[in-house]
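Note sheet for the following structure.
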Amino acid sequence: MLAAEFEGEGKLSIKDKKAPEIKNANDVKLKVEVASICGSDLHILATPPTHPAEPNIIQGHEYIGEVVEKGRGVSSLNVGDRVIVDPTVVCGSCYYCQNGEKNICENFSTIGIFEDGGWAEYSVVPSQNTFKISKDVPAEIAVLAEPLSCVVSGNEKLQTKPGDKVVVLGAGPMGQLFTQILKATGAGTIIVVDFSEYRLNYAITSGATHTINPNDNNVEEVINSLTNIGADIVIDCVGSLFDQSINLVRKGGKVLLVGMNENSNKPIHQFKITQNEIKVMGTIIQNNKFPTVIKILESGILNLEKLITHKVKLKDIHEGIEIMKTGNAIKILVYP
């Protein structure tokens, strides 16, 4: 089969590899229907990398597929089922897993980052990491389940209320998904900030009420004029804007840190957080949100098809990655 293998710092190679085989009783073999390119994939392939990954694995952690074979211990799935892959593999026995916080498992691994993933024609994964989804949902929508699960999980931490004034920093795929979920949960004002006019235009389609380009405006001044006292909620989807976030949120407001940049280490004015009683939360992947996400996708309540801007064949994945780097893309799909 054809597969895209991460070989180390900045290097991804297209290879002809032997298709994987089922080794464990609870494994399923999938024929990959479609995968996508995530911002984390770009961080992995950056030089120097800003996200860890295991060399010599097949990359790609956002994908869906059809069950073509199953281990003898799998009873919940049948050959022919279409499934979403939850890429996070947990131990189930550490303190956090047993405390219901599997997203911060002490021994977690990630399919497509530390184990072979979905930038390939076939993939073998544990059956407990798959969720059935209706074949009536377009593949281009179903493949967004993994990033959407992270957004749903983060938004539940915020407990967004109808009418809330929210700032989303970063109009990439995660910023777009947050904008759509915020709109669906009743946020009254959604202000999206990005340097890319291309992405800001998509943010309007996703439901943003206002957009700000820092090249043209003073972000803090505009947000203060729109909110009078600052935003109820600020969401950093970039991973390096914590310092700016605390200047944009109102007293008693909330800051959610979503984006991840291992090299970001900016000084923070802790006094302001304490003085203004700002609630700061981090959010990592998701915790048991796939059933909720499948309901959302099957209901069709979001405007997700607009976020698919490019499609490439697996053999042309480098072309997709280069487009993603320019910022003139939202979601790029990969077809094996």
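Structural remarks
- Test: residue in segment 184-198 that is crowded, with 24+ Cβ neighbours inside 10 Å, in contact (Cβ under 8 Å) with a residue 60 or more places away in the chain and among the aromatic types (Phe, Trp, Tyr): no
- Pair list, Cβ under 9 Å, 6 or more apart: segment 151-172 residue at positive phi, other residue of a type in the set (A, V, I, L, M) and not in a loop (DSSP other than H, G, I, E, B): Gly170/Val192; Gly170/Val193; Gly170/Ile235
- Residue identified as in the same structural domain as Lys29 (by TED's automatic domain parsing), in a loop (DSSP other than H, G, I, E, B), on the phi > 0 side of the Ramachandran plot and in contact with a strand residue (DSSP E or B) (Cβ under 8 Å, 6 or more places away or on another chain) among Gly92, Gly60: Gly60
Listed here are the residues, each with its yes/no results for (1) at positive phi; (2) in contact (Cβ under 8 Å) with a residue 40 or more places away in the chain; (3) not assigned by TED's automatic domain parsing to the domain that holds Ser109.
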{"position": "Gly8", "(1), (2), (3)": "yes, yes, no"}
{"position": "Asp27", "(1), (2), (3)": "no, yes, no"}
{"position": "His51", "(1), (2), (3)": "no, yes, no"}
{"position": "Glu66", "(1), (2), (3)": "no, no, no"}
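- Evaluated against (1) assigned by TED's automatic domain parsing to the domain that holds Ala25; (2) within 30 Å of Lys325 (Cβ to Cβ); (3) surrounded by fewer than 19 Cβ atoms within 10 Å (Cβ to Cβ), Val125 falls short on exactly one condition, (3).
- Filtering segment 280-302 to residues that are outside any helix (DSSP H, G or I) and either among the β-branched types (Val, Ile, Thr) or surrounded by 15 or more Cβ atoms within 10 Å (Cβ to Cβ) (or both) leaves Val280, Thr283, Ile284, Ile285, Gln286, Asn287, Lys289, Ile301, Leu302.
- Selection from segment 68-87 of residues that are more than 20 Å from Leu297 (Cα to Cα), out of contact with any Lys or Arg (no Cβ under 6 Å at 6 or more places or on another chain) and in a strand (DSSP E or B): Lys70
- Restricting segment 248-260 to residues that are surrounded by 15 or more Cβ atoms within 10 Å (Cβ to Cβ) and either more than 14 Å from the chain's Cα centre (by Cα) or not hydrophobic (A, V, I, L, M, F, W, C) (or both), the residue that is nearest to Thr130 (Cα to Cα): Gly259
- Here Ala329 meets the list (1) in a helix (DSSP H, G or I); (2) crowded, with 18+ Cβ neighbours inside 10 Å; (3) of a type outside the set (Ser, Thr, Tyr); (4) in the same structural domain as Val85 (by TED's automatic domain parsing) almost entirely, failing just condition (1).
- Lys254 being at pLDDT below 95 and basic (Lys, Arg): no
- Qualifying residues in segment 104-154 (those that are of a type in the set (Phe, Trp, Tyr) and part of a strand (DSSP E or B)) - the one nearest to the chain's Cα centre (by Cα): Phe131
The values are calculated or read from the model by the stated rules, or taken from the named source; none is laboratory data. In this text the structure is predicted, and so the values were computed from the model without any measurement. All Cβ positions, glycine included, derive from the backbone under ideal geometry; neighbour counts span all protein chains shown.
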